[in-house]
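Derivation of every value follows stated rules applied to the coordinates shown; laboratory data play no part. From a predicted model like this one, the values you see are computed outputs, not experimental measurements. Cβ atoms come from the backbone with ideal geometry, glycine included; neighbour counts cover every protein chain shown.
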Amino acid sequence: MSRRKKSHQPHGSANRPRLWGRHAVVAALDNPERKVLRAWATREAAAFMQFPKDVAVTLAESADLGRLVPHDAPHQGVVIEVEPLAEVWIDDLVPQAPESAVLLVLDQVTDPHNVGAILRSAAAFGAIGIVTQDRHSPPESGVIAKAASGALERVPWVRVVNLARALEEIGEAGFWRIGLTGDAATDLNEALGPPRVALVLGAEGPGLRLNTREHCDALARLPISDAVESLNVSNAAAVALYAASSHG
């Protein structure tokens, strides 16, 4: 897996992302696998945050914290700088998955708000993790952590070099791979079957790439009304996760 190049950005970088917002920060502080490097907080927020003793906490006014994060980001009085979580490998996740399990695979979903929302839904419906292609997915960031509302710390996120090869490994581990696409003839409920299922979703607009579709066992669509052409990918993921988790 390729390492990300260091970048010097005023709001953090891929190597030292900044997280903000109380849900995201509390989840990071509660995660023993997360290394916190620095912290900034208002006096009010610092009073109830359980910062590690070895982390220097800088007290700051709310306006000062606003300069540490992207414009208008809802920091809620607390910002931390962290190390990215340790890499998770597909061999760590799928071979020993429970007999009944749901996995999400994202094909070039690059919007961090969508990825964060998908992580949140994955946590809500008990998915064992998400898989993305490293070059075509966003790095850890405060935007993802805020949208995920703590799920970034709880849901394993596997980044792979070759998504097609990863889908082969997922299939070899006994997962029934369903690609979600609006042009499929089959509804998702009809495509569901084996208790281990991998839901494969593509980016809005382009959808699933041909090579990704060819590495699915079935293609299915969500039974939405004609009133809308499609759902946002994060909404589609939530609906699909509900269907898969309640099937059978």
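In terms of other Cβ atoms within 10 Å, Phe48, Phe125 run from fewest to most in the order Phe48, Phe125. For Asp187, the residues whose amide H sits under 5 Å from its own are Arg221, ignoring neighbours fewer than 5 places away on the same chain, with H placed 1.01 Å from N.
Taking the Cβ-Cβ separation of Leu210 and Val55 as r and a Förster radius of 45 Å, what is the calculated FRET efficiency to the nearest 0.05? Computed FRET efficiency for Leu210 and Val55 comes out at 0.40. In the chain, the calculated helix contribution to ellipticity at 222 nm averages -8000 deg cm²/dmol per residue, counting -39,500 (n - 2.57) for every DSSP H run with n ≥ 4. Cα axis of helix 233-246 to longest principal axis of the chain: angle in degrees, 0 to 90, nearest 10? For helix 233-246, the angle is close to 60 degrees.
Classification of segment 90-246 by its C-alpha gyration tensor yields a rounded form. The axis ratio a/c (a ≥ b ≥ c) stays under 1.5. Taking 7 Å steps out from each Cα toward its Cβ at Arg67 and Glu99 produces label points 6.0 nm apart. In the elastic network of the chain, a GNM with C-alpha springs shorter than 10 Å, the most mobile of Gly66, Gly193, Gly171 is Gly193. Distance between the 7 Å Cα→Cβ label points at Glu83 and Ser246: 4.2 nm. Close amide H pairs (under 5 Å, H built 1.01 Å from N) link Trp176 with Arg196, Val197, Ala198, residues at least 5 positions away or on another chain. Using the Karplus relation 6.51 cos²θ - 1.76 cosθ + 1.60 with θ = phi - 60°, the per-residue 3J(HN,Hα) values for segment 66-74 come to x, 7, 8, 10, x, 3, 6, 5, x Hz, with x marking Gly and Pro.
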